[in-house]
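Structure first, then comments.
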Amino acid sequence: MEDANKLKEFEARIERGEKIEPKDWMPERYRTQLIRMISQHAHSEIVGMLPEGNWITRAPSLRRKMSLLAKVQDEAGHGLYLYCAAETLGVDRSELVGEFLSGKAKYSNIFNYPTLTWADIGAIGWLVDGAAIVNQTMLAKCSYGPYSRANLRICKEETFHKVQGYEIVCTMAQGRPAQRKMIQDAVNRWWWPSLMMFGPHDKNSPNSAELMKWKVKLFSNDDLRQRFVNLTVRQARAAGVTLPDPDLKYNPETDNWEFGEINWDEFWSVVRGNGPCNRDRMRARRRAHVEGAWVREAADAYAAKQRAKAAKSA
Amino acid sequence: MRNAETKSELSSRSQQDLFDYLLRLGDDRLVLGHRLSQWCGHGPILEEDLALTNISLDLIGQAKFLLELAGEVEGKNRSADDLAYLREAIDFRCLKLVEQPIGDYAYTIARQFLFDVYDYYQMEQLCDSKFEKLSAIAAKAVKEARYHLRHSRQWVLRLGDGTQESHRRIQTAFDEVWMYTGEMFEADDLEDRLLEEGLAADLRTIRTSWAALVHQTLVEATLTAPSDEQYMQSGSRKGFHSEYLGHVLSELQILPRSYPGAKW
Amino acid sequence: MPECPNPKDTQWPIWEVFVQEKSGEPHQHAGSIHAPDSEMALQNARDIFARRGEAVSMWVVQSKHITATIPEDNPSFFEPAADKIYRHPQFYSVPRAKRTDEERRNKE
C-alpha cells in the first residue's frame, strides 16, 4: 500500500518535470532499467574507442592526429561519467565492467563494424557522433538527475567530435578522385548502421513505452531517427556526398525526409555476435582488463601500505 | 650573443646547428607521443587511459611547435607536417629510448619516467635560451613536463612498492631500458657550439640533476638502479636508430607518403 | 573466444571531485572518479575534469566520507526555513533615506 502511494508521488514528480536523485524513492523497475540503459551507454563509449583508435597511429597530419586522439580520449571520459552515473544507483563499476567483459551486457552495435580507410574517421565523426548527439541531447533532459547531468556534459564536449568528422568528410569530398571514392565508400558503409543506432521501430521496442512514461526517454526511436535523417540530408548535400538510399525523398506535408526500410535482419545478426568485429572488440577489451589487473592491484596494495604506515606513525 | 629573434640574426653555421637541435627536441616528443597514443583504448583502467592520452597529446603538441620552428630555421619552406611525415628514418634525430615499443605498463612507465626527468630539466634550461622562439616553447612545455614527471614518478613508486609482481615487472623494465639512457646525455660538438652561444641546454648539468632524481625515486620505490657501467647504446642523434623507428614511420607516414601533396 | 578471468576485480574506490572554474567562484561538484589514493585521485580528477582548462582549483574526497541528508529528512530539515520571513529584508518597513539638503546643495 505504501509503495502504491510512493509510486503515485514518484510519477507525479516526474510529471511535474522534477529530477529524481539517487537517494529518492524510485520503483525497482525504474532503477533496473536505468542501470541497464546507463551501463550499456557506458560500455558503448568504451568499445567506441576501438574502431577510431585503429587510425590514431596513421592519422595523416599532426593536427588530425591530435583531434582524433582528443576525441577518442573524450569517449573514455564519457564512459567514465556514465559508469559513475550508474554507480549512484547502487552498483559498483567493477560489477558493470564484469557484466560487459563476460558478454552478458550489450553495447551499441555500430562499433562492431570495421574502419577500413581514413575516410571512416570522417564518416564516424559525422554520422555516428551525429546520431549519438541527437540521442544524448534528449537524454540530457531525462528524469534521472545523474544521468541527465552526465549527458549534458557529454553533449557539451561532443560538439567538436561531429565537426571534426564532418570537416574530414568535406575535405575528402573535395579532394582527389581516390579520396572522393574513399569518402563515398565510407558514407555508404556507415549510413545504414547509423540509422540502426536509434534501435528497433517503436512497435518492436518493448522497453520504450515504460521508459517514456518515466521520462527516461522523451522521444521514440523512430522520432529521433527521423530528426537525424532530416539533419543529415542537408549536411550530405553541403559536403558533396550522397546517401546510399534510392528511396530517400522529401515529403512537403510532413517536412520530413522519408527513407527506405532498414535491414533489421542484419541488425539482429550483429546483435547476436555476427558483426565483422564483435570478437575483436571483446578480445581487445578483455586483454586490456587482464593485462591491467596487476597494475590496479599494485596501486591498491601501495595505498594500503601507505595507510598502514600512517596509522602506525599516528 | 644577444637574444636571437629571427633566423637572419643567426650565422648560417648556428642555423644549421639549430635546425638539427630542434629536430632532436621535436623528434623525441613526436615519437614518444606516438608510442603513448598506442595505449588509447587499451589502458589498465579508464582513468589511466585518459592520463596517458593527455601526456601523449602534450608531447605531440610540443613536437608540432618544435618542428614548425625547425622548418622556419631551416628556411626551406618545410612545415611541421613535412618534417614529421616526409623524412626517412636516418634523418630523424630522436633517441632509441623513445622508439622502443610500449611493452607492458611497467615498461611504459619506466621509460616515461626516465624521459620525463630529462624532459623537465631540459625544458627548464631552455626557458633561458637566447633563441626567444625556443624559450617561448620551453616556457609552455616545462609546465607540462612537470606534470608528466609527477604522474610517472608516482607510478614508479606505486609499482615499485606495490605487489611482488609489480615490483618484479618495473625492476625488469628499468633493467631493460637502462642501456638507452646513455645517449640522452651524449653531447657532441653541435650541442657544445649551441651551448656556447646560449641557445641550447647543458646536458652535463642535466645529467647530474637527472641522476639524482632518478636514483632518489628508485630508492624510494624500493628498486635498484641499474649500473651505469653497463654497455650504453649510442648514435641516435646522428641518425643511427633501432629497427623500431622504421615501423613507427611506416604507420605514421602511410597517408602522406601514399598521396603526396593531398589534403586530408 | 576465451573467457575473461576475474572480470569483476578491483576498479579502485570512488571519489567525488569539486572544481573551482574561476578564481573567486565556489567549488562545485563536477563528478566522480576512481582512484587508489588521494594523490592519484587528484591527478585523475585533473586529467578528467580539467582537460579543457576549466579549473583553477580542485578538491577530491572519497565518496564514503560524505554524509548527506536523505529525502525523508527534507520536511524537518528544510521546509521550516521557508517561512522565516524575518530573515529577509523585505519583512521590515522603514522610511527611504534620501540625499540631505546639504548634500544636494553641495552638488549644485
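The values are calculated or read from the model by the stated rules, or taken from the named source; none is laboratory data. This structure is a prediction, so every number in the text was calculated from the model and none was measured. Cβ atoms come from the backbone with ideal geometry, glycine included; neighbour counts cover every protein chain shown. These accessible areas exclude ligands, DNA and RNA; they are computed on the full protein's heavy atoms, side chains included. Shrake-Rupley method; radii C 1.70, N 1.55, O 1.52, S 1.80 Å.
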Study note, to complete from the structure: Given backbone amide H placed at 1.01 Å from N, residues whose amide H is under 5 Å from that of C:GLY31, ignoring those fewer than 5 places away on the same chain, are C:VAL17
Point to revise | Efficiency of FRET between A:ARG63 and A:LEU116 - r from beta-carbon atoms, R0 25 angstrom, step 0.05 | key: 0.65
Study note, to complete from the structure: Of all DSSP beta bridges having both residues in the protein assembly as shown, the percent classed as antiparallel (nearest 5) is 90 percent
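Could you give the Stokes-Einstein D for chain B in µm² per second, using the C-alpha Kirkwood radius, 4 °C, 1.567 mPa s?
On the way: Rh = 18.9 Å.
The Stokes-Einstein estimate is 69 µm²/s.
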Exercise for review: Taking H placed 1.01 Å from N in the peptide plane, check which residues at least 5 places from A:ILE20 or on another chain put their amide H under 5 Å from its amide H.
Suggested key: A:TYR144, A:GLY145
Study note, to complete from the structure: The C/A contact buries a total accessible area, at probe radius 1.4 Å and rounded to the nearest 100 Å², of 2600 Å²
Point to revise | Size descriptor, Kirkwood hydrodynamic radius, that averages inverse alpha-carbon separations across the protein assembly as shown, Å | key: 28.0 Å
Exercise for review: Note down the nm distance, to one decimal, between modelled labels 7 Å out along Cα→Cβ at A:GLU266 and at B:ASP228.
Suggested key: 6.3 nm
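Local charge sum around B:ARG146 (other residues, Cβ-Cβ under 12 Å, Lys/Arg +1, Asp/Glu -1)?
Working: positive: B:LYS140, B:LYS143, B:ARG150, B:ARG153; negative: B:ASP58, B:ASP116, B:ASP119, B:GLU124, B:GLU144.
Within the 12 Å Cβ shell, the charges total -1.
In region B:181-263, which chymotrypsin sites (Phe, Trp or Tyr not before Pro) are in a loop and have at most 16 other Cβ atoms within 10 Å, using DSSP for the loop call? Write down the numbers at each step before the final one.
Values: sites: B:PHE185, B:TRP210, B:TYR231, B:PHE240, B:TYR244; in loops: B:TYR231, B:PHE240.
Within region B:181-263, the qualifying chymotrypsin sites (Phe, Trp or Tyr not before Pro) (loop, at most 16 other Cβ atoms within 10 Å) are B:TYR231, B:PHE240.
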Point to revise | Per-residue mean of C-beta atoms belonging to partner chains within 10 Å, peptide B:32-40 | key: 4
Review point. How many nm is it between the label spots at B:ALA139 and C:ARG96, if each spot is 7 Å from the Cα in line with the beta carbon?
Key: 5.4 nm
Review point. What longest region of chain B stays clear of GluC sites (Glu not before Pro) that DSSP places outside H, G, I, E and B and that have at most 15 other Cβ atoms within 10 Å?
Key: B:89-228
**Study point:** Nearby aspartates and glutamates by direct alpha-carbon distance to A:LYS156 (threshold 12 angstrom, same-chain neighbours under 8 apart not counted)
**Key:** A:ASP74
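Within 10 Å of each Cβ of A:89-99, how many other protein chain Cβ atoms are there on average? Mind dumping the intermediate values first?
Details: counts 0, 0, 0, 4, 9, 8, 3, 2, 7, 6, 2.
Mean shielding count: 4.
Show me you know the interface measure: the accessible area buried between C and B, both chains summed, probe 1.4 Å, in Å² to the nearest 100.
On the way: alone 9700 and 12610 Å², together 20960 Å².
Buried area between the two chains comes out at roughly 1300 Å².
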Review point. For chains B and A, what's the summed buried accessible area, probe 1.4 Å, to the nearest 100 square angstrom?
Key: 4100 Å²
**Study point:** Net charge of Cβ neighbours under 11 Å - reference A:GLY175; Lys, Arg +1; Asp, Glu -1
**Key:** +4
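Rounded to the nearest 0.05, what FRET efficiency do B:ARG204 and A:THR159 give with R0 = 45 Å and r taken as the Cβ-Cβ distance? Could you check?
Values: r = 49 Å, r/R0 = 1.10.
With a Förster radius of 45 Å, E is 0.35.
What's the local net charge at B:GLU191, with K and R +1, D and E -1, over the other residues with C-beta under 9 Å away?
Values: positive: B:ARG24, B:ARG193, B:ARG237; negative: B:ASP17, B:GLU186, B:ASP188, B:ASP189, B:ASP192, B:ASP202.
Local net charge: -3.
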Review point. What is the extension gain from B:MET179 to B:SER12, computed as 0.36 nm multiplied by their sequence separation minus the C-alpha to C-alpha distance, in nm to one decimal?
Key: 56.6 nm
**Study point:** Accessible area of the protein assembly as shown belonging to carbon and sulfur atoms, whole % at 1.4 Å probe
**Key:** 52 percent
Revision key, fill the gap. Restricting to Cα pairs under 8 Å and 6 or more apart, the percent relative contact order of chain B works out to 23 percent
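Can you give the accessible area per residue of the protein assembly as shown, in Å², using a 1.4 Å probe?
Working: 31040 Å² over 686 residues.
I get 45 Å² per residue for this part.
For region B:159-264, which trypsin sites (Lys or Arg not before Pro) are both in a DSSP coil and crowded by at most 13 other Cβ atoms within 10 Å?
Working: sites: B:ARG168, B:ARG169, B:ARG193, B:ARG204, B:ARG207, B:ARG237, B:LYS238, B:ARG257, B:LYS263; in loops: B:LYS263.
Passing sites in region B:159-264 are B:LYS263.
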Check your understanding: Are any of the pairs A:LYS71/C:LYS8; C:LYS8/C:LYS64; A:LYS309/B:LYS143 more than 30 Å apart by Cα-Cα distance, and if so, which?
Key -> A:LYS309/B:LYS143
Check your understanding: Remind me, relative contact order of region A:20-169 in percent, using alpha carbon pairs under 8 angstrom and six or more residues apart?
Key -> 30 percent
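Counting only other chains, what is the mean number of Cβ atoms within 10 angstrom of the Cβ of each residue in peptide A:283-289?
On the way: counts 3, 2, 4, 6, 3, 8, 9.
What the average comes to for A:283-289 is 5.
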Point to revise | Packing-based order for A:273-281, A:227-235, using average beta carbon neighbours within 10 Å, highest first | key: A:227-235, A:273-281
Exercise for review: List the relative contact order of region A:169-314 as a percent without decimals, with contacts defined as Cα pairs under 8 Å and 6+ residues apart.
Suggested key: 19 percent
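Protein chains only, probe 1.4 Å: how do A:ASP223, B:ASP58, A:ASP202, C:ASP47 rank by accessible area, largest first? Please list the in-between numbers first.
Details: A:ASP223 85, B:ASP58 35, A:ASP202 55, C:ASP47 0 Å².
Order by accessible area, largest first: A:ASP223, A:ASP202, B:ASP58, C:ASP47.
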